[in-house]
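One structure below.
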Amino acid sequence: MSSSSREAILTVARRAAQMHGYNGLNFRDLAKEVGIKAASIYYYFPSKADLGAAVARRYWEDTKATLDAMRAETPDPRLCLRRYPEMFRRSLESGNRLCLCSFMSAEYEDLPEAVKREVRTFIDINVAWLDTVLSAIDQVSPQNTGRARAIFAAVSGAQLMARSRADIALFDEVIDNYYRTGLLG
């Protein structure tokens with residue numbers, strides 16, 4: 001087994017989870033799409049919980065890298081905040097998918113503890129990043145956690161609404177309203 005097989009499994013599992021949540025992680029279906037035997041997935045991921053945790057971990061790691069890169073390339077914190085919804089929009093642009101951890105948050109009570117931990121980490125990373133950006137705008141130490149949580153919830157909610165209608169224009173409209181009302185700067 002190669003590391004490229006592991007990466008292929010994670011890639012396919014991520015897409016499945018963004019469309020169908022944790023329950024979309026079916027080893028037989030994933031193996032078929034990757035082109036391997038279902039038993040081969042167990043070599044890398046001994047259980048569905050292990051796979052779910054690995055997919056969610058990779059998702060928040062990728063998200064953190066994207067957020068860090070956004071901060072580095074966009075020194076103006078107001079512009080950085082304005083760009084934040086882009087990540088959520090990209091999921092919708094990619095087959096009307098949801099943010100993986102937002103989807104899994106909806107399934108939270110049914111998730112194994114290891115997956116719950118990774119989902120919470122995703123949320124914590126987003127809120128901490130937003131808190132830092134908001135503090136840079138306000139020129140104070142990080143203490144905007146309530147507003148950061150509201151922004152995260154609002155942008156996630158806009159994505160949910162748009163997905164339910166398969167209408168990315170609805171996402172844009174809701175986000176534009178957030179700008180006009182001051183939630184996003």
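The values are calculated or read from the model by the stated rules, or taken from the named source; none is laboratory data. As the structure is a computational prediction, the values presented were derived from the model and not from experiment. Cβ coordinates were reconstructed from backbone atoms using ideal geometry, including for glycine residues, and neighbour counts include every protein chain displayed. With ligands, DNA and RNA removed, areas are computed over all heavy atoms of the protein, side chains included. Shrake-Rupley method; radii C 1.70, N 1.55, O 1.52, S 1.80 Å.
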Would you mind classifying region 35-103 by shape? Square roots of the alpha carbon gyration tensor eigenvalues, ordered a ≥ b ≥ c; an a/c under 1.5 is rounded, otherwise it is prolate if a/b is larger than b/c and oblate if not. prolate
Residue of Val12, Val55, Val155 that the Gaussian network model of the chain assigns the largest fluctuation, springs spanning Cα pairs under 10 Å: Val12
For region 16-98, the percent of accessible surface on carbon and sulfur atoms (probe 1.4 angstrom, ligands and nucleic acids excluded) is 49
Per residue of region 174-185, in order, report the coupling 6.51 cos²θ - 1.76 cosθ + 1.60 (Karplus, θ = phi - 60°) as ³J(HN,Hα) in whole Hz, putting x for Gly and Pro. 5, 4, 4, 5, 4, 5, 5, 8, x, 4, 9, x
Diffing region 108-113: the Karplus 3J(HN,Hα) column from phi (6.51, -1.76, 1.60, θ = phi - 60°), in whole Hz with x for Gly and Pro, holds 3, 5, 9, 8, x, 4
So what's the angle, to the nearest 10 degrees on a 0 to 90 scale, between helix 48-73 and the longest Cα principal axis of the chain? 30
By how many degrees, 0 to 90 and rounded to 10, does the Cα axis of helix 3-20 deviate from the longest principal axis of the chain? 60
For region 72-136: rounded, prolate or oblate by the Cα gyration tensor [a/c cutoff 1.5]: oblate
Pick out which of Glu113, Glu173, Glu73 has the largest mean-square fluctuation in a Gaussian network model of the chain, springs linking Cα atoms closer than 10 Å. Glu73
Highest-fluctuation residue, Ala148, Ala72, Ala136 considered, GNM on the chain with Cα pairs under 10 Å: Ala72
Amide H neighbours of Gly21 at under 5 Å, excluding residues fewer than 5 places away on the same chain, with H built from the backbone geometry, are none
Approximate spin-label separation Lys64-Arg78, in nm, with each point projected 7 Å along Cα-to-Cβ: 3.1
Near the amide H of Leu184, under 5 Å away, which other amide H atoms are found, from residues 5 or more places off or on another chain, if H is placed in the peptide plane? Tyr179
Evaluate the relative contact order of the chain (contact order divided by residue number), counting alpha-carbon pairs under 8 angstrom at least 6 apart; express in whole percent. 23
Put +1 on the Cβ of every Lys and Arg and -1 on every Asp and Glu Cβ in the chain; which of Leu183, Trp60, Ser5 then has its Cα farthest towards the positive end of the dipole? Ser5
Under 8 Å for C-alpha pairs, at least 6 residues apart: give me the relative contact order for region 115-174, rounded to a whole percent. 22
